[in-house]
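Below is one structure, written out as structure tokens; comments come after it.
The values are calculated or read from the model by the stated rules, or taken from the named source; none is laboratory data. Note that this is a predicted model, so its numbers are computed, not measured. Every residue, glycine as well, gets a Cβ built from its backbone with ideal geometry; the counts of neighbours run over all protein chains shown. All accessible areas refer to the heavy atoms of the entire protein, side chains included, with ligands and DNA or RNA removed. Shrake-Rupley method; radii C 1.70, N 1.55, O 1.52, S 1.80 Å.
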Amino acid sequence: MPEPVNPAQKVALDAIWDLLLRSGRWPTFQELDQHLYRAHDLDAAHLLPKFPPGLLHSVHTGSIMPIAGGTTIGLTAAGAVATGRAQRELNLFLAVVRHAVALERIYDPPADQPDLQPGLVSADVAALLELKLPEDAALLKRLGAILYTERWGWTSFGGLGTDTWEVRLGREVRRFRHVPDIATYWKLRPKHWVPNKPSPAPLRSRTPSTPTIAFLQPGAEYGSVTRQQGRADHPARDSTMNHYGGNMDRVDVLVVAALPEEFDAAKAASLASAPAGPGVVRWEERDLDGVPPFLWGEYRVGGRTRFTVALARPTQMGGRATGPFAASLADRLRPTTLAMCGVCAGNPTDTALGDVVVGEPVYEWDEGKQSASGFEGDHRQFRLKPNWLRAAQDFDPSSLTSYGEANEDEALLWFLEQLHRGQQPRSHPARDAYFPSGTWQRRLAQLEEQGLIRRKPTGEAVLTSDGSALVQRRLYDDVDGPQRLPFRVLAAPMASGSAVIADPDVWGRLRAMGMRKITAVEMEAATIATIAHDRELAWLVTKGVMDLADTRKDDRYKKFAARASAQVMFALLERLVTKTDAGTQRITDMVGTAETSSAPGRRGAGDSRERVAEPARVDVMPLLDELAAGDPVPDNSARANGRLYLVVHPVDAPADALAEASTMSATGNLDALIDQAITARGGQPFAPDLGRGMWRRSSSGMVKENGIREDGSVREDSLLVLKIQEDGTVGVLCGRATAMARSQWHRLGSTAEPAEHRVILPSLVLGLVHGALRVAADLANRYAGYEGPWVIGLRLTGIKTAIAYEYLQSGDEDVVQPYDADTYQKTATTSTADLLRRPDVLTEHLVGALLRGLSVDKLYLPYARSE
């Protein structure tokens, strides 16, 4: 087991442990750096990379790359041992690992979720270890921190930094089934800093799977790869924090497009024409430390998320550029599937322009040995999974918007164009698509009568001068290219090379290298398959035929080929990929959001199944009315104050979405979640806030009440009712939307008591709305995994003649116009992603107009924090 080699390293280890003891979470690099510099005059940036490997989490020994300020710096089990102060935590850690081994062995997933992995939650762990809560809450946090930094077999981790963490378990935990002590555990533990085997040969410049390549990318933090189940897992790259602090940066599918046109086609082809899908309702920009920017979306079918997807492109095409780019994203986002769409050159004997080729197999055609006697290929073939191959072979593209049967004019032009290209249409593979049975002779006779072709004695057709002139003119005028074609989808061999090909003899040369049949050539498919193979990912490459690798290359079919290949790819992914427990977690450590509206005209995703209709829009007003009807002071005339009502409702959530949280035994977790939301919200303190009151169980869920006495009387200034219903709806009723207050200023020369004014507290309104949005999103994400649409309604009543409290504080109550309406109402629709990521934006949307009406917008707006 590694140990620190000098006193400075021991000081740093102790400092990391002290900061964990203090806050219950591992420190960031910035926090540790400031502490070491201030207390010990040590430079963390210089010190940490010199540690022996295996002591620190998220620091690569020997790295010359700067460590990002937000990087979490933790201790491994060996690092904790080296402090000499973590014996209890390590003993508990081993007990949890042993329990996880037993749990994974006996776990039987539900019949409807056969891929669901077993899970551990901190409450069960506390009971197992006989910890007492809340007394041992800090110990439970530290245990979660060590479980997170160690690679003992967990596949996803949520709640880091809290005492309510949870993990999912993978099969890698089995290696620790006989672990008596920490030393034995360390021997069995994967060690990403130890290479699996020597590498005597120098690195090839195009290999995307070499462990050091991701490290070479700007901003990367690691240079070596931990292999688990054959996949590359980086502790640092797995540590993007969500609002709980856990690992939430995974996706199900990573799509890479090599060219901007291909990227744009993929983005457009995936967009849903309705909120229920099929497709991505909205693409969002993501920008995580250490990896290139990408788009993120949820692919929905029938109103439910089928899988999460990231879409990205390198700055250059080709395997050398795509390899390190795709590898770094795959290692960070840890998808289950790696896919690519785009364009290729097609073999004229097998393909027509616009056809889509699904690579099977794919290989690098210029990989091998070049000698004086010629080139000797050394081809590694990568094959699709059998069920994926069958799906590609059986795929019918006729439901895609890029597919269209050829009319007679299009068929005749196709015939003339093939002759212009030197091909005989009669033997062309696409003949039947343009000349259905019974139309061949009639249409040829028509062309002959028009003087566009003539027939040889053998029957072969050749262009006349008029025919040639017509084709050339039509080709010259057709700058936009086709919009719809009767294209085919072919699962066939695809060869990747390092150069764009414009040589019709390439097909013969490829055959001479040992591959009997090649249908398409392009530049990146083998790289994608290599990266996927090395990480044991499923993979899919679809490329549309834009030219035939001949001297007549032009870009007329490029847009169509890119669009058709993207539609085919997403349609196949829709059939073959299902969301994983880890892959659908939220990515919330990001910069910026870009919204793209749904694109019309997408007719489906590759099959003729009846589509689920878009769910009816939910009206939030009845929900607000229902909340108001439950006011403990039902008579408006008996109320001294105005009211605030807020409803946050998940439209598609099941009726029992929050059943797990709707028990009295869950109130401790609910309180912790509310406290986290209040802390994350920040802002000025006010009362009553969401954390006030006592819990009780109601017929529909949990209710927290404050300001209601035992005899039923109400203290309106303290009245706050928080309702958390089993269906995921969160409601807030506050009795202090307005209050009565006196000015803090006396008129000059007057001894009279200042008059009372009806006031609104903007900080209270903003804080309650912002906090409730966070609570609703956190509950839905944590307990139900809900990722669908929401409706939100805010209503304030009894506010006519009120002014903002700030004008009383400044003595300007007489110069501001009172609010002239008795009711303020605002609604919004949103997604779980936006609730989790930017509740401040939604808060500003809901409250902004009220603040402007009170003339305090300059004090509070913009409320949304800049990213």
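The table below lists the values:
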| read-out | value |
| --- | --- |
| Cα shape, the stretch 701-745, gyration tensor, a/c 1.5 rule | oblate |
| Ranked packing of 264-272, 383-391, most packed first, by mean Cβ within 10 Å | 264-272, 383-391 |
| Inter-site label distance for TYR37 and TYR476 at 7 Å from Cα along Cβ, in nm | 6.9 |
| Length added when fully stretched, ASP18-SER437, from 0.36 nm per residue minus Cα-Cα | 142.8 nm |
| Length-normalised contact order for the stretch 5-56 - Cα pairs under 8 Å, 6+ apart - percent | 34 |
| Residues of type lysines that LYS826 reaches as a straight line, Cα spacing below 19 Å, ignoring anything fewer than 8 places off in the same chain | LYS800 |
| Rel. contact order, % - alpha carbon contacts under 8 angstrom, at least six apart, the stretch 119-197 | 29 |
| Restricting the stretch 383-434 to GluC sites (Glu not before Pro) in coil, as DSSP defines it, with at most 14 other Cβ within 10 Å | GLU405 |
| Carbon and sulfur %, accessible surface of the stretch 760-867 computed with the full protein complex present, 1.4 Å | 46 |
| Distance (nanometres) between label positions extended 7 Å along Cα→Cβ at GLN87 and GLU285 | 5.4 |
| At most 10 other Cβ within 10 Å, DSSP loop - GluC sites (Glu not before Pro), the stretch 743-813 | none |
| Electrostatic dipole magnitude of the stretch 267-353 [Cβ: Lys, Arg +1; Asp, Glu -1; Cα centre; debye, to 20] | 180 |
| Anchor LYS456: aspartates and glutamates whose Cα lies under 19 Å away (excluding residues fewer than 8 positions away in-chain) | GLU417, GLU448, ASP466 |
| Linear extension gain, GLU710 paired with ASP264, 0.36 nm per residue minus alpha-carbon span | 154.3 nm |
| Pairs beyond 18 Å (Cα-Cα), from LYS141/LYS187; LYS267/LYS558; LYS191/LYS385; LYS141/LYS704; LYS267/LYS543 | LYS141/LYS187; LYS191/LYS385; LYS141/LYS704 |
| In range of the label at ALA138: residues from the stretch 4-43 whose backbone nitrogen is under 11 Å from the point 7 Å along Cα→Cβ | 20-24 |
| Modelled FRET efficiency - R0 30 Å, ASP503 with SER398, Cβ distances, 0.05 increments | 0.30 |
| Around PHE93: net Lys/Arg minus Asp/Glu count, Cβ-Cβ under 12 Å | +1 |
| Loop-located GluC sites (Glu not before Pro) in the stretch 21-127, at most 15 other Cβ atoms within 10 Å (DSSP) | none |
| Length added when fully stretched, VAL11-ASP717, from 0.36 nm per residue minus Cα-Cα | 249.0 nm |
